[in-house]
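*Asks:* Here you go, one structure.
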Amino acid sequence: MNILIVVGSGLKRGNTDRLVDAFINGANEAGHQVTKAFLGDKAINGCNGCNACRWGKPCVQKDDMQELYPLYKECDMVVLASPLYFWTISARLKAFLERLYAVAEKDDHPPKGRYEKHAEKDCALLMTAADDFFWTFEQAVSYYRFNCVNYLGWSDKGMVLAGGCGGSPDKRHIEDTGHLEAAYMFGKNLS
């Protein structure tokens, strides 16, 4: 399987990046091809709603999303990875998702009431958070399920919700939680 991992963190070697690397190690061991797109190194604007793409034109914004469109089109699975920011995914990751609007196709008979068709993909969610309350990931998971599964129509393959990893302002300590092993096994057991 060709997997694109979109990392919505701005911090290399932080908790989220390390969780992603553990997933990649497992997926590579299972024979999958994995590409990691670290959005902290990219300039990607949110959709500006101009609808040029609805008139057969490519996205008018000439930012780093242009590098990601071909990777997205070629992949079988999109793994979204984000630290928890204000109880949901990061703005970087949301901008990536918004910009997929430009590669949707017209659909005269859309499923679930949508007015466009998106490419069939598998998907997964990897997230980290400093705290670990029962509700910590509730908003982020709701957004993922609504946007990626219900609206885009992707097939959910699972999640690793790594709470209790520390971070701002506490010391990061994901290696003490068991979440790295869970992400590794998730990647290794993908089919």
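Just so it is clear, none of the values below were taken in a lab; they were calculated from the coordinates. Worth saying up front: this structure is predicted, and the values here are computed from it rather than measured.
*Asks:* Which of the lysines could a cross-linker span from LYS36 if the Cα-Cα distance has to be under 23 Å and same-chain partners fewer than 8 positions apart are dropped?
*Replies:* Partners found: LYS12, LYS62, LYS73, LYS94, LYS121, LYS157, LYS188.
*Asks:* Separate question: Please compute the contact order of the chain in relative form: average sequence separation of alpha-carbon pairs under 8 Å and at least six residues apart, divided by the residue count, as a percent.
*Replies:* 29 percent
*Asks:* Would you work out if the stretch 1-87 is rounded, prolate or oblate? Take a ≥ b ≥ c from the square roots of the eigenvalues of the alpha-carbon gyration tensor; rounded if a/c is under 1.5, else prolate when a/b is larger than b/c, oblate otherwise.
*Replies:* In terms of gyration-tensor shape, oblate.
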